[in-house]
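The values are calculated or read from the model by the stated rules, or taken from the named source; none is laboratory data. Here the structure is a predicted model, which means the values were calculated and not measured. Note: ideal-geometry Cβ built from the backbone for every residue, glycine included; neighbour counts use all protein chains shown. Just the protein is used for accessible areas: all its heavy atoms, side chains included, with ligands, DNA and RNA removed. Shrake-Rupley method; radii C 1.70, N 1.55, O 1.52, S 1.80 Å.
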Amino acid sequence: MTQKSGSQSGFSQDAVICVRHAQAAFSELLSGAGLGGARPTEIGRIWGLDKTLAWKVSRFSDTEDLVKAVKHIPGQSGVEIVLKAAQANGVTQERINAVRDANNAFRTFVRQNAGDRRSFEAMLAAGGQDTAIEIEERRAFYRSGSAIWGVRARVQFLTLMLRPSQVNEDRIDVLQLSGFIDFERLRSDVPWIIRRLWTSDTEGTKDSTFRREALSPQEAGKHALPMIPEFCSKPIPEIHQFEGADGVLYDEIAPGAVGKHGALTCVSGELYHSALPKHWNPENTFGRYELMLRTPVESVVFDIYVHNELTQFGDFDRSLYGLLEDRPGTGRGKTHNAPMIAAEPAQRMGPPPSPPIPQCSKIRDYGKMIHSSLDRVGWDSVGAFRGYRCELEYPSTPACLTMECPIFKQDSQP
């Protein structure tokens, strides 16, 4: 079957041919001068090249990894410097012309298919899923987003703990911890929404056992968010709350001091009683838990702890979905576009059957946060749970980080 010229596989095949031809031409150029396999320092000394250019020539000509090789190809002026040095050292005109032709073909291919080198490297990495290049691109996106929007944070996190309800055998209680670590403003006049809360008309009525309560009841009336003061920065971050026309409650960090001197940490906690259905039914075949990412952050940590009594809940997969487009969703539940990061198993927090280890190097006092929260609500210790984690560096925004597990029939568990 013939590949369409605009397809990823068609582009990748053509790119491989183009880059390999250029690599072969550079290798022949070095061999023609007796420098095949020579160290960059030797190439630089004999040809009179600076060490950076000599290193690029050496790495480009002998690197098997296509994506890494492309990052080392010299610029147009650098190529001409190399060719003049090769000619001065007796390399034949045929080999010099071969390098010039291959170099021109490479740059034409880049210009016609990607527009510029950076875009070409990103397209090439997408075909081979080069993690290092992907993270580099996301880091650049984070830096740009921070400068444009005027805010950034070191960590955004969400921890959910699921346990069978003690008052309704068909429902699940959810303990939720969430927040931002080292949130900074780059402009003092910027308020920033950190939570959107959709409320239910049946909440707290006789028709529903669902209700929420703050983990620190003594703080409930003092702040818009249900803060846990011992894990927040001091003074407690100022949060404004307002209701939108859509009925959604919005919590936003107020404008304030910029940079590290104004950095704040905001941690909140709530207990949701009888929040979710417990058993499999035709309308409840999987559990999906979402963390919306709208703030430029260096890292995001999403943990889920499932009580060992919930044996009908399977292992979790994690996915990342972009929210930039407003289009009908696809797939199970039909709530998302195609994933930016396809589903793959979430990390187990401790090898089964060992209990999870509530530790996170990016979140100070994370273990204490988990243990104290369980004590506050009178739940079992963390040893009664199994844990799953998704951790991402420099996630692109806006996006939805999703943790999803199958829910099995009681008589058909694997």
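Here are the numbers for the structure shown:
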read-out: Candidates SER27, SER12 - the one that is at pLDDT below 90, outside any loop (DSSP other than H, G, I, E, B) and in contact with a helix residue (DSSP H, G or I) (Cβ under 6 Å, 6 or more places away or on another chain); value: SER12
read-out: Selected residue (criterion: surrounded by the fewest Cβ atoms within 10 Å (Cβ to Cβ)) from residues of the stretch 235-267 that are modelled with pLDDT of 95 or more and more than 15 Å from VAL190 (Cα to Cα); value: THR265
read-out: Residue in the stretch 102-124 that is out of contact with any helix residue (DSSP H, G or I) (no Cβ under 7 Å at 6 or more places or on another chain), of a type outside the set (Gly, Ala, Ser) and under 15 Å from ALA24 (Cα atoms) present; value: yes
read-out: Every residue from the stretch 49-77 that is assigned to a helix (DSSP H, G or I), under 23 Å from PHE11 (Cβ atoms) and β-branched (Val, Ile, Thr); value: VAL67, VAL70
read-out: Check on ILE172, crowded, with 19+ Cβ neighbours inside 10 Å, assigned to a strand (DSSP E or B) and touching a Cys at 6+ places or on another chain (Cβ under 9 Å); value: no
read-out: Residue that is farther than 23 Å from ILE236 by Cα and touching a residue at least 12 places away in the same chain (Cβ under 8 Å), where the choices are ASP170, ASP182; value: ASP170
read-out: Test: residue in the stretch 370-390 that is free of Cβ contacts under 8 Å to residues at least 12 places away in the same chain, within 19 Å of GLN312 (Cβ to Cβ), part of a loop (DSSP other than H, G, I, E, B) and open to solvent by 10 Å² or more (accessible area, probe 1.4 Å); value: no
read-out: Residue, most open to solvent (accessible area, probe 1.4 Å), within the stretch 391-414, restricted to residues that are more than 25 Å from MET292 (Cα to Cα) and either among the charged types (D, E, K, R) or part of a helix (DSSP H, G or I) (or both); value: ASP411
read-out: Selection status of GLN112, closer than 16 Å to SER12 by Cα and either modelled with pLDDT of 85 or more or open to solvent by 70 Å² or more (accessible area, probe 1.4 Å) (or both); value: yes
read-out: Close pairs (6 angstrom Cβ cut-off, 6 or more residues apart or separate chains): over 20 Å from ALA24 (Cβ atoms) and free of Cβ contacts under 8 Å to residues at least 40 places away in the same chain in the stretch 46-60, part of a helix (DSSP H, G or I) and open to solvent by 20 Å² or more (accessible area, probe 1.4 Å) anywhere; value: none
read-out: Subset tally (residues that are free of Cβ contacts under 8 Å to residues at least 60 places away in the same chain and surrounded by 21 or more Cβ atoms within 10 Å (Cβ to Cβ)) for the stretch 86-109; value: 1
read-out: Matching residues in the stretch 292-318 - criterion: being polar (S, T, N, Q) and open to solvent by less than 10 Å² (accessible area, probe 1.4 Å); value: THR295, SER299, GLN312
read-out: Exclusive hit being open to solvent by less than 20 Å² (accessible area, probe 1.4 Å), more than 30 Å from TYR305 (Cβ to Cβ) and among the small types (Gly, Ala, Ser), set GLY150, GLY179; value: GLY150
